[in-house]
1. Among the residues that make up region 70-81, is at least one of them of a type in the set (Ser, Thr, Tyr) and over 19 Å from Asp10 (Cβ atoms)?
2. Quick check on my filter: what residues within region 110-120 are out of contact with any Lys or Arg (no Cβ under 9 Å at 6 or more places or on another chain), touching a residue at least 24 places away in the same chain (Cβ under 8 Å) and not in a loop (DSSP other than H, G, I, E, B)?
3. Hey, Gln157 hits all of (1) outside any strand (DSSP E or B); (2) touching a residue at least 12 places away in the same chain (Cβ under 8 Å); (3) surrounded by 14 or more Cβ atoms within 10 Å (Cβ to Cβ) but one; which does it fall short on?
4. Return only the number of the condition from (1) modelled with pLDDT of 95 or more; (2) surrounded by fewer than 18 Cβ atoms within 10 Å (Cβ to Cβ); (3) part of a helix (DSSP H, G or I) that Glu127 does not satisfy.
5. Can you report the number of residues in region 11-40 which are within 13 Å of Leu85 (Cβ to Cβ) and either over 16 Å from the mean Cα position of the chain (by Cα) or at pLDDT below 80 (or both)?
6. Taking Phe152 as the residue in question, decide whether it is farther than 18 Å from Glu75 by Cα, touching a residue at least 24 places away in the same chain (Cβ under 8 Å) and surrounded by 14 or more Cβ atoms within 10 Å (Cβ to Cβ).
7. Please name all residue pairs, on different chains or six or more residues apart, with Cβ atoms under 6 Å, provided the first residue is in region 86-105 and is closer than 12 Å to Trp131 by Cβ and the second residue is assigned to a loop (DSSP other than H, G, I, E, B) and at pLDDT below 95.
8. Filter region 130-149 for residues that are in a loop (DSSP other than H, G, I, E, B) and in contact with a Lys or Arg (Cβ under 9 Å, 6 or more places away or on another chain) and give the result.
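The values are calculated or read from the model by the stated rules, or taken from the named source; none is laboratory data. Everything numeric in this text was worked out from a predicted model, so none of it was measured. Methodologically, a virtual Cβ is constructed for each residue, glycine included, from the backbone with ideal geometry; neighbour enumeration extends over all protein chains shown.
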Amino acid sequence: MLISPATLADIPALADLINRAYRGEAAQAGWTTEGHLLDGPRADAALLREMVAVPHTQFLKKEIDGALVGCVYLEPQGNAVYLSLLAVAPERQSQGLGQQLLLAAEAFAQRLKRHQLKISVLAARPELLAWYERQGYQRTGTSEPFPASTRFGRPRQPLTLVMLAKEVKMQSKL
């Protein structure tokens, strides 16, 4: 059960995984679907290539027996690391894989000496907000409207993103 950096060669599989986890028929099998809130794909290969090209970012992938089953995108921002596109294959959800990816995100932040992880979650997804809160993330009290661009899908209703953060414990040297 390996978590490793994704490469450009992984982009088609990452796009497929992300869209299966967030939208479409396969997402209905999992609990992370947002297809009832947004139309269209969550991410395409062009967007993922742009994201991977941002300096100092990291796309982590989780594989089991050679199959891609999870991913998370990490982007350093000031003293924090912003994480997005945390996705687990619908048929593999509720097996702790998302938690493993969050631990890998924390390790990434520690290596970069960043003291906080940040994420934005749709306010219309209370079960997902609750899951992140169970993982130690706290609401920051800030929110923002979902982007007007259709790059991440077309909202079926007005949507708001709630910002959450988690303090990263730095490893002490003994």
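1. Initial filter on region 70-81 (of a type in the set (Ser, Thr, Tyr)): 73.
Subset that is over 19 Å from Asp10 (Cβ atoms): none.
Taking every residue of region 70-81 in turn, none turns out to be of a type in the set (Ser, Thr, Tyr) and over 19 Å from Asp10 (Cβ atoms).
2. Residue satisfying the conditions is Ser120 alone.
3. Checking Gln157 against (1) outside any strand (DSSP E or B); (2) touching a residue at least 12 places away in the same chain (Cβ under 8 Å); (3) surrounded by 14 or more Cβ atoms within 10 Å (Cβ to Cβ), the one that fails is (3).
4. The number of the failed condition is (1).
5. Qualifying residue count for the region: 2.
6. Details: farther than 18 Å from Glu75 by Cα: no; touching a residue at least 24 places away in the same chain (Cβ under 8 Å): yes; surrounded by 14 or more Cβ atoms within 10 Å (Cβ to Cβ): yes.
No.
7. From region 86-105, the pairs are Gln93/Gly30.
8. Answer for region 130-149, where residues must be in a loop (DSSP other than H, G, I, E, B) and in contact with a Lys or Arg (Cβ under 9 Å, 6 or more places away or on another chain): Gln135, Gly136, Tyr137.
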